[in-house]
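These notes concern the structure reproduced below.
The values are calculated or read from the model by the stated rules, or taken from the named source; none is laboratory data. Bear in mind that the values here come from a model prediction, so they are computed numbers and not experimental data. Here the Cβ positions follow ideal geometry from the backbone for every residue, glycine too, while neighbour counts run over all protein chains shown. Side chains are part of the model used for accessible areas, which takes the heavy atoms of the whole protein and leaves out ligands, DNA and RNA. Shrake-Rupley method; radii C 1.70, N 1.55, O 1.52, S 1.80 Å.
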Amino acid sequence: MATLLETDAVLKRGLSELALADPVMAKLAESGVVPQLRRRPPGFEGLAWIVVGQQVSTASATAIWNRLRQVLEPPTPDVFLRLSDEDLRAAGLSAGKVRTLRALATDIAEGRLPLDELRNYPAEEAHDRLTRVKGIGPWTADVYLLFCLGHPDAFPSGDLAVQEAARLAYGLEQRPDAKTLSALAEKWRPWRGVAAKVLWAYYRMVKSREGAPV
């Protein structure tokens, strides 16, 4: 398995190799795009946070998570499964997220998802294990692998901000879909996760210049 993305030194190594492999990545670095390491805790807590944050603003996700953590102590699958639907709705979780988190907690508790062992799996196999859980899609799996486990080649090709940043950086007429972006990202292996971080940082920079919320 590749070196995990756990330190700034590994991040810098990935950035250097991307710059050698792709002139556009080199140009972004020269223009001042600086991605951050940004890690989340692994395990159920980290994955649950990602599910909570799907399709809502950062502020909303933080508020919902804070309310959930008031009743989810400690943040483990067993404790989550003891919470009622009323508890979860009161925290602000949608019905869909409740179903996803219950499926996740159940698969962990019953041994179908070896979540604590996924850091030792190749990224593709870990991704496959995660997406077997009902409600866990490719984006959620990739974000967990990248931000919680530090897999440097995990790549959330379905992320809209990454897609839009790629459109801008590469001068594309249209925002690439997940399939198109995955093809573009082949040149970034085994550092596709670092490339995603570069594109997120570039997206934030562009939106900041435009005065839009990021």
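The table below lists the values:
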| quantity | calculated |
| --- | --- |
| Unique match (being of a type in the set (Val, Ile, Thr), over 24 Å from Ala201 (Cα atoms) and touching a helix residue (DSSP H, G or I) at 6+ places or on another chain (Cβ under 7 Å)) among Ile64, Ile50 | Ile64 |
| Pairs where the first residue, in the range 99-121, is within 12 Å of Leu47 (Cα to Cα) and the second is surrounded by 18 or more Cβ atoms within 10 Å (Cβ to Cβ) and polar (S, T, N, Q), C-beta under 9 Å, 6+ apart | Thr100/Thr140 |
| Hits in the range 137-156 - residues which are in contact (Cβ under 8 Å) with a residue 60 or more places away in the chain and open to solvent by less than 10 Å² (accessible area, probe 1.4 Å) | Thr140, Tyr144, Leu146, Cys148, Leu149, Gly150, His151, Pro152 |
| Top-ranked residue in the range 157-194 [being among the small types (Gly, Ala, Ser), in a helix (DSSP H, G or I) and free of Cβ contacts under 8 Å to residues at least 60 places away in the same chain; ranked as most open to solvent (accessible area, probe 1.4 Å)] | Ala183 |
| The one condition in (1) without any contact (Cβ under 8 Å) to a residue 12 or more places away in the chain; (2) open to solvent by 30 Å² or more (accessible area, probe 1.4 Å); (3) over 22 Å from Leu145 (Cα atoms) that Ala9 fails to fulfil | (3) |
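A quick yes/no check of all residues on (1) over 27 Å from Trp188 (Cα atoms); (2) open to solvent by 30 Å² or more (accessible area, probe 1.4 Å); (3) among the basic types (Lys, Arg):
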| position | (1), (2), (3) |
| --- | --- |
| Thr3 | no, yes, no |
| Val24 | no, yes, no |
| Leu28 | no, no, no |
| Arg39 | no, yes, yes |
| Pro42 | no, yes, no |
| Ala59 | yes, yes, no |
